[in-house]
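Take a look at the structure set out below.
Values in this text are rule-based calculations from the coordinates and carry no lab data. The structure presented is a predicted model; accordingly, all values stated were derived computationally and were not measured. Every residue, glycine among them, receives a Cβ derived from its backbone with ideal geometry; neighbour counts consider all protein chains shown.
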Amino acid sequence: MITQSARRPLSSWKAVLRRTRQQRQQQMPQLFRAMATETTPTASASAPPPPPPSPPPAAVKPSLYTYHAQQTKRLDKSGARRALFSKANPDAAKPGDVLQVTTRRGGGEPFAGVCLSIRRAGVDSAILLRNHVAKVPVERWFKIFSPNIVGIEIVWRRPKRARRARLTYMRKPKHDMGNVDHLVEAWRRTRNVFTTKGRAKGNSASAKK
């Protein structure tokens, strides 16, 4: 038997080696598949993700907006201050304009200054004014809808609209406007001229009657 197997032709040995090689190649993918199934869990074994939270009902509206709307209507019945700082109004006050605020408490003089910023926050809307008092820079915040404010008037308008909403760069000496009392005095003179002309016309009309 040994002599017969040893005397086999070389082609038969090549065929045997080819078969064994093919059998190994067929067994290797099956082995890798078995290892993959053992190491990686299946999708069915993992827990399902939790459902997304349900959206709030459409009927519920944010109460903060309604509160601000009610308070602004109560504090500004005529709507003049809302129009004075409304973005839709082309004649509204803008950053860079000189404004004068007259307060009720204290009985002091009105405070005038250049508007550096307008904070629009509903009933908490406020403006930041800057002026120089005795050569000292002074900045004050004023609540637009505060009952302690009697009136807000535009003294001087900026010739060119500012590109920024907050003019904090005007605090630097290069861009600081300094004292704005001369602008307030010129504005008062022009206003007094118009008021005296109106009074004179009214007196002349009453005298003719």
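Numbers for the structure displayed
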item: Sparsely packed trypsin sites (Lys or Arg not before Pro) within the stretch 84-148, loop by DSSP, other Cβ within 10 Å at most 11; result: Lys87, Arg104, Arg105, Lys135
item: Long-range amide H partners of Val155 with built H, under 5 Å; result: Val98, Leu99, Gln100
item: Under Karplus coefficients 6.51, -1.76 and 1.60, residue-wise ³J(HN,Hα) of the stretch 136-143 in Hz, glycine/proline x; result: 10, x, 10, 10, 9, 9, 10, 6
item: ³J(HN,Hα) computed for each position of the stretch 112-125 - Karplus, 6.51 cos²θ - 1.76 cosθ + 1.60, integer Hz, glycine/proline x; result: 10, x, 6, 7, 8, 7, 10, 9, 8, 9, x, 6, 8, 4
item: When each of Lys77/Lys143; Lys87/Lys174; Lys73/Lys172; Lys73/Lys160; Lys94/Lys135 is checked by Cα-Cα distance, pairs over 27 Å; result: Lys87/Lys174; Lys73/Lys172; Lys73/Lys160
item: Amide H partners (placed H, <5 Å) of Thr103, local residues excluded; result: Phe111, Val150
